[in-house]
Amino acid sequence: MEHIRKAFDAVATEYDAQREYVIPDLRQFYGAAVWAAESPSASPAILDVGAGTGLLSAMLLLKHPASTITLLDISEKMLAVAKERFSGCKNVVFRTGDYSRVDLGGPYDLICSALSIHHLEPADKRRLFGRIFSVLAPGGVFVNADQAEGETPYFTRKYRDYWDAFLQCGPLDTQESAEIRRRRDTLDKNEKLSVQLSWLREAGFSEVDVVYKNRNFMVTVARKE
């Protein structure tokens, strides 16, 4: 994960500004994740896995203002941006670490992640889903807004072409677009949506569904009884 930490350290300060031009339908994508982020508690304990600059956490805090949110990320520089975002917020906690390896803590009422878990190797993704299940309180929910591989090579190509066309339509210059594609090609380890859903069920989640999908961008929700 060291190469991932270095890659995101390098883009921490411009990461948020680029999101609108990198992720198609960004607001609907994040909006679906926030909509799904329900909690059985009025003051939920929330863990944001791979929190980065805290973009998702900021939206969750608006929905759950009495919550305590822990932002966990491997990049100190990304978390530094998050600390500026949440300056003065006493109910936000920051942890630096590789979430595929470190103790997640808990128990939590809600665990969320956005555009992070797809960087893990398949075995680590599968293991992480089980670890997340183990630290969720009964009735807790895991929301993952992330990327998925196409179910066949044909759809994988179609999704890639769609994403490339979206990048070309935005205001990013040629060098910025090329760097985003380079990070995508070297850091992304997407898994099929069908496989990820099966791993969630295998982990023990009783209710699993997809609440948003736009080509290879998806939001899955898994609930623990």
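What number of residues in the stretch 40-56 are at pLDDT below 95 and over 14 Å from the mean Cα position of the chain (by Cα)?
Number of matching residues: 3.
Scan A145, A123, A165, A137 and give me the residue that is assigned to a strand (DSSP E or B) and either without any contact (Cβ under 8 Å) to a residue 40 or more places away in the chain or within 15 Å of I23 (Cβ to Cβ) (or both).
On the way: A123 fails: assigned to a strand (DSSP E or B); A165 fails: assigned to a strand (DSSP E or B); A137 fails: either without any contact (Cβ under 8 Å) to a residue 40 or more places away in the chain or within 15 Å of I23 (Cβ to Cβ) (or both).
Of A145, A123, A165, A137, the one residue that is assigned to a strand (DSSP E or B) and either without any contact (Cβ under 8 Å) to a residue 40 or more places away in the chain or within 15 Å of I23 (Cβ to Cβ) (or both) is A145.
Cβ contacts < 7 Å: first residue in contact (Cβ under 8 Å) with a residue 40 or more places away in the chain and closer than 20 Å to F166 by Cα, restricted to the stretch 21-50; second residue assigned to a helix (DSSP H, G or I) and of a type in the set (V, I, T), any location; separation 6+ or different chain. Result?
V22/I180
Within 22 Å of P138 (Cα to Cα) and open to solvent by 40 Å² or more (accessible area, probe 1.4 Å): does that describe D103?
Numbers: within 22 Å of P138 (Cα to Cα): yes; open to solvent by 40 Å² or more (accessible area, probe 1.4 Å): yes.
Considered against the rule, which asks whether it is within 22 Å of P138 (Cα to Cα) and open to solvent by 40 Å² or more (accessible area, probe 1.4 Å), D103 comes out as yes.
Hey, among the residues in the stretch 77-132 that are of a type in the set (G, A, S) and over 16 Å from the mean Cα position of the chain (by Cα), which one's nearest to Q147 (Cα to Cα)?
A123
What are the residues in the stretch 190-225 that are assigned to a strand (DSSP E or B) and open to solvent by less than 60 Å² (accessible area, probe 1.4 Å), if any?
So the first thing to find is which residues in the stretch 190-225 are assigned to a strand (DSSP E or B), and the list is 192, 207-214, 217-223.
Those that are assigned to a strand (DSSP E or B) and open to solvent by less than 60 Å² (accessible area, probe 1.4 Å): V208, V210, V211, Y212, N214, F217, M218, V219, T220, V221, A222.
Scanning the stretch 44-56 for residues that are out of contact with any Pro (no Cβ under 8 Å at 6 or more places or on another chain) and either open to solvent by 20 Å² or more (accessible area, probe 1.4 Å) or part of a helix (DSSP H, G or I) (or both), which turns out farthest from F142 (Cα to Cα)?
L55
Of all residues in the stretch 172-189 being of a type in the set (D, E, K, R) and modelled with pLDDT of 85 or more, which is surrounded by the most Cβ atoms within 10 Å (Cβ to Cβ)? Break it down stepwise before answering.
Initially, the stretch 172-189 is screened for residues of a type in the set (D, E, K, R), giving 173, 176, 179, 181-185, 188-189.
Right, trim to modelled with pLDDT of 85 or more and you get 188-189.
On the way: D188: 13, K189: 15.
Once the filter is applied, the top-ranked residue is K189.
Looking only at the stretch 6-26, count every residue that is among the aliphatic types (A, V, I, L, M), within 16 Å of the chain's Cα centre (by Cα) and either part of a helix (DSSP H, G or I) or modelled with pLDDT under 65 (or both) and tell me the total.
Looking only at the stretch 6-26, we keep the residues that are among the aliphatic types (A, V, I, L, M), and these are 7, 10-12, 17, 22-23, 26.
Those still in the list that are within 16 Å of the chain's Cα centre (by Cα) too: 12, 22-23, 26.
Now narrow it down to the ones that are either part of a helix (DSSP H, G or I) or modelled with pLDDT under 65 (or both): 12, 22, 26.
The number of residues fulfilling the criteria is 3.
May I ask you to say which residue of Y154, Y159 is in a helix (DSSP H, G or I), within 22 Å of I117 (Cα to Cα) and of a type in the set (S, T, Y)?
Values: Y154 fails: within 22 Å of I117 (Cα to Cα).
Result: Y159 is the single residue among Y154, Y159 that is in a helix (DSSP H, G or I), within 22 Å of I117 (Cα to Cα) and of a type in the set (S, T, Y).
Could you check the stretch 57-82 and list, in sequence order, the residues that are open to solvent by 10 Å² or more (accessible area, probe 1.4 Å), closer than 18 Å to G31 by Cα and in contact with a strand residue (DSSP E or B) (Cβ under 8 Å, 6 or more places away or on another chain)?
Hits for the stretch 57-82 are L61, H64.
The values are calculated or read from the model by the stated rules, or taken from the named source; none is laboratory data. Not measured: the values here are computed from a predicted model. Ideal geometry is used to build each Cβ from the backbone, glycine not excepted, and the neighbour counts take in all protein chains shown. Only protein heavy atoms, including side chains, enter the accessible area calculation; ligands, DNA and RNA are left aside. Shrake-Rupley method; radii C 1.70, N 1.55, O 1.52, S 1.80 Å.
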